[in-house]
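The values are calculated or read from the model by the stated rules, or taken from the named source; none is laboratory data. Treat the numbers as computed from the prediction; the structure is a model and nothing was measured. Using ideal geometry, Cβ is built from the backbone for each residue, glycine included, and neighbour counts are taken over all protein chains shown.
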Amino acid sequence: MQRDSTAKGLLENKKWYLAYQTGLENLIENEAPGICRDLMCYRLLLSLFKESPEGCQDLLDDQVTYIENQVLNELLVVKLEQYRNQEKIPISLLGDKDKEEE
């Protein structure tokens with residue numbers, strides 16, 4: 001994705017969804033179907049998940065099949081489910097405000 005000027009510009013502006021969508025579309029267009037392409041797509045989606053779990057979910061909700069391998073798909077779905085089901089901690093429990101926060 002770093003070689004694609006469009007995707008790179010989107011990344012710099014923190015437009016995760018659009019940047020990764022562009023990268024994934026380029027992969028689908030330029031790589032032959034198979035496990036190698038699926039792994040590259042999985043790695044991109046996993047990278048997006050680390051930056052923006054919601055953006056990753058949005059891409060998967062688009063009903064575009066980026067990964068044909070069922071095992072990789074399931075791994076990604078499990079990560080998203082774990083994220084959605086994690087316990088939410090109220091920010092007030094994180095501790096006292098420091099001077100900068102006040």
Inset, instruction - State the number of residues belonging to the range 27-46 that are closer than 16 Å to Glu74 by Cα and small (Gly, Ala, Ser). - result: 0
Legend entry - Complete set of residues in the range 1-20 that are in contact with a helix residue (DSSP H, G or I) (Cβ under 6 Å, 6 or more places away or on another chain), surrounded by 16 or more Cβ atoms within 10 Å (Cβ to Cβ) and of a type outside the set (A, V, I, L, M): Trp16, Tyr17, Tyr20
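Output yes when any residue across the range 69-89 is among the hydroxyl-bearing types (Ser, Thr, Tyr), modelled with pLDDT of 90 or more and in a helix (DSSP H, G or I), and no when none is.
No, the range 69-89 has no match at all.
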Legend entry - Residues located in the range 43-60, provided they are of a type in the set (D, E, K, R) and farther than 21 Å from Pro33 by Cα: Lys50, Glu51, Glu54, Asp58
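Within the range 30-50, can you find the residues that are part of a helix (DSSP H, G or I), of a type outside the set (A, V, I, L, M) and surrounded by fewer than 14 Cβ atoms within 10 Å (Cβ to Cβ)?
Residues of the range 30-50 part of a helix (DSSP H, G or I): 30, 35-50.
With of a type outside the set (A, V, I, L, M) added as a condition, the list becomes 30, 36-38, 41-43, 47, 49-50.
Answer for the range 30-50, where residues must be part of a helix (DSSP H, G or I), of a type outside the set (A, V, I, L, M) and surrounded by fewer than 14 Cβ atoms within 10 Å (Cβ to Cβ): Asn30, Cys36, Arg43, Lys50.
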Inset, instruction - For Leu27, indicate whether it is within 27 Å of Leu10 (Cα to Cα), assigned to a helix (DSSP H, G or I) and at pLDDT below 85. - result: no
Inset, instruction - Return yes when Glu31 is touching a helix residue (DSSP H, G or I) at 6+ places or on another chain (Cβ under 6 Å) and either among the basic types (Lys, Arg) or more than 21 Å from Glu81 (Cβ to Cβ) (or both) and no when it is not. - result: yes
Inset, instruction - All but one of (1) in a loop (DSSP other than H, G, I, E, B); (2) of a type outside the set (A, V, I, L, M); (3) touching a Phe, Trp or Tyr at 6+ places or on another chain (Cβ under 6 Å) hold for Cys56, so report the exception by its number. - result: (1)
Inset, instruction - Check Asp62, Asp58 and return the single one that is in contact with a helix residue (DSSP H, G or I) (Cβ under 7 Å, 6 or more places away or on another chain) and either among the acidic types (Asp, Glu) or modelled with pLDDT of 90 or more (or both). - result: Asp58
